[in-house]
1. Leaving ligands and nucleic acids out of the surface, order A:GLU431, A:GLU324, A:GLU82 by accessible area at 1.4 Å, largest first.
2. Give the Kirkwood hydrodynamic radius (Å, one decimal) of chain A, defined as one over the mean of 1/r across all pairs of different Cα atoms.
3. Among the listed pairs A:LYS77/A:LYS273; A:LYS50/A:LYS77; A:LYS49/A:LYS80; A:LYS290/A:LYS352, which are separated by more than 30 Å between their Cα atoms?
4. Measure off, as a whole percent, the carbon and sulfur share of the 1.4 Å-probe accessible area of segment A:5-96, all protein chains present.
5. Select from A:MET392, A:MET144, A:MET238 the residue whose mean-square fluctuation is largest in a Gaussian network model of chain A (Cα-Cα springs shorter than 10 Å).
6. Considering only protein heavy atoms, what is the solvent-accessible area of A:THR74 at a probe of 1.4 Å, reported in Å² to the nearest 10?
7. If you take every DSSP beta bridge whose two residues both sit in segment A:5-96, what share of them, in percent to the nearest 5, is antiparallel?
8. What residue among A:VAL330, A:VAL250, A:VAL292 shows peak mean-square fluctuation when chain A is described by a Gaussian network model with Cα springs under 10 Å?
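The values are calculated or read from the model by the stated rules, or taken from the named source; none is laboratory data. Predicted model, so just to flag it, every value in this text is computed and none were measured. FYI the Cβ positions are ideal-geometry reconstructions off the backbone, even for glycines, and counts take in every protein chain you see. With ligands, DNA and RNA removed, areas are computed over all heavy atoms of the protein, side chains included. Shrake-Rupley method; radii C 1.70, N 1.55, O 1.52, S 1.80 Å.
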Amino acid sequence: MWVYIDKISEHVDKEVTIKGWLYNIRSSGKLMFPEFRDGTGLIQGVVSKKSVSEQVWDDFGKLTQESSVIVTGTVTKHPKKENVYELQVSGLEVVSVAEPYPITPKEHGVDFLADRRHLWLRSPRQASIMRVRNEILQSIRDYMYANGFILFDAPIFTPNACEGTSTLFSTDYFDLGKAYLSQSGQLYAESGALALGKVYTLGPTFRAENSMTRRHITEFWMMEPEMAYFDIDDDMDMIEDFLTYVVQRVIKNKKSELDYLSRDLSKLEKVVKPFPRITYDEAVEILKKKDVPLIRKTANGEEHIRPFPWGEDFGAPHEEAIVEDFDKPVMVHRWPAEAKAFYMKRDPENPKLALGVDVLAPEGFGEIIGGSQREDNLQYLEERIKEHGLPMSEFEWYLDLRRYGSVPHSGFGLGIERMVSWICNLEHIREAIPFARRPNRIRP
RNA sequence: UCGAAGAUAGCUCAAUGGUGGAGCAUUCGGCUGUUAACCGAAGGGUUGCGGGUUCGAGUCCCGCUCUUCGAGCCA
C-alpha cells in the first residue's frame, strides 16, 4: 500500500510502499541506512544484506543523492528514539538514478543556493517553510471566509499608481500606452467593499524599489481586506482578532515544522489579543526617552544625526526600539498626515494626523501590516490628489466611490512573506516564497 | 542609490610577497545500528576579469564585474 511519510505512524508493523527520493545514505558494511523523502517528510530505511535480494542490495549501492525510488518495507519503531519510525526495506524499484547532486547535506553559501532554488526547495528546512506558508495562507482564507469576507481579486495590470510611479514596473499595453504592475489592490478593494460590504484581495504585488535588504523582495504577496462602515478602531479590532487566529492556528497545526526551524514557540504563544495600541506621538516619546536619533546621510556620505523629530517615518532602528518592550505585535496609529498616502482620512480631532495604523511584529521583524481609515469626503480626497501631484483623470472612477453612497470604510495590507519570516524566524525573506524576486535576481 | 566586507577545487574555507592545502562531495576499497556516520586510497586548480609594482603576486596598487551584509524606501 502506498503511504506518505507524514502518516507513517498509522502503519506500524505493516508493509507499506513509499514513493519518493533518496535524501542521504549511510552504510556500515552489511547494513545500509538510506534516508527517503517524499515531500511530506523524511524517514530512515534499514537495508540488511542478509534480508534483501542481491539485486536490491546492488541497486542500493548504485543510488545517488536525489535518485527517485519506490521502496517497500515494514514500518518499525526506532530502537533508540521516541516517536521516530523506520522502514525495514524489502524491495526497491529505481525510477531514475540522479546525476551528482549539487546540494549536499553540508554547508552552502546563499548565492550558490539561490542559483539552485528549484533544487534547494527539496531540502527539509525549505520544505518546512513552504508547509508553514501554506498553513498561513489557508488560515487567512478560512478566517476571512468564516467572517463573511468575499474574495475580491484585484487586477495586476493597472493604468495608475496608487502612491506615485517611481516604484512601479511598467510594460507596454497594446495601443493604450503603458501598463503598470500593481503595487496594491487597495483602491479596487475599496470599490469591492462598497459593493459587497467586506472583501479582501490576495495576490502578488510589485515594487520596483532597489532595496537590497533581508526584508524586501520586488514581487511579494499581499492580503488586503477592505470593510465598509469600519472606522480606524474597528480596523484595529479586526487586525488583532485576525492575527491572533492565524498565529495560534499555525503553531497548533505546524508544530513539528516550527520545531524543525528551531522556532521559539513560547514567543508566538504570547501573540493573543488585545495588542498594545500606541499613537505615533507616544512612539516618538519612546524614541526620545531611549535616545534613538534620526540619522540621515547626504549624497557625499556625511551623516546628520539629530534627535528624532516629529513628522518623520520610522526606520528599522526606530521600529526595533519601539517594539523591544512588548512581546506582542504593536499597533502604532494616528500618523503625521504629511508622511502618509493621499487616501488616508484625517483625524477629525487633529488635521495634522492621518487615521493610519502600522503593525510592527515582535522580535524586530518589522512592519507586517499597514492600514488606515480611508478618506470618504469627495472634496478632501480631490484636494489630497492635487497635493500629491497625482493625475486627477486616472482617479475619476475612484472618486465615484465618494460620489455615489460614500461611507466610512477601512482596510489594511498584510505582507505574506513578512508574516512567514516572522512566524518561521527567518534570517532573510528570500526563504519565505518559493522563488524570491530581488533587484539582482530573476532566475530561476 | 550610499556605506562596509568579500570573490582560491563541485561546495565550505585555509595559505608572512617565495613549490596553492584541508574537510565535505565524486570514484575505488573496508566496516551489522549509522545520524552532516566513520576508516584507507585516488582524481580534481588559468586563485572573478583587465592592467601595474616586483627577481618573484592568491597575497601589494589601480580599474571593472559580481556577491554578501547594513542604510534609505517600504509590506
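1. Numbers: A:GLU431 20, A:GLU324 120, A:GLU82 155 Å².
In descending accessible area the options line up as A:GLU82, A:GLU324, A:GLU431.
2. Numbers: mean 1/r = 0.0402 Å⁻¹.
One over the average 1/r among Cα pairs gives 24.9 Å for chain A.
3. Result: A:LYS77/A:LYS273 exceed 30 Å.
4. Carbon and sulfur: 46 percent of the exposed surface of segment A:5-96.
5. So, out of A:MET392, A:MET144, A:MET238, the one fluctuating most is A:MET392.
6. Result for A:THR74: roughly 50 Å² accessible.
7. Around 90 percent antiparallel, to the nearest 5.
8. Checking each option, the largest mean-square fluctuation is seen for A:VAL292.
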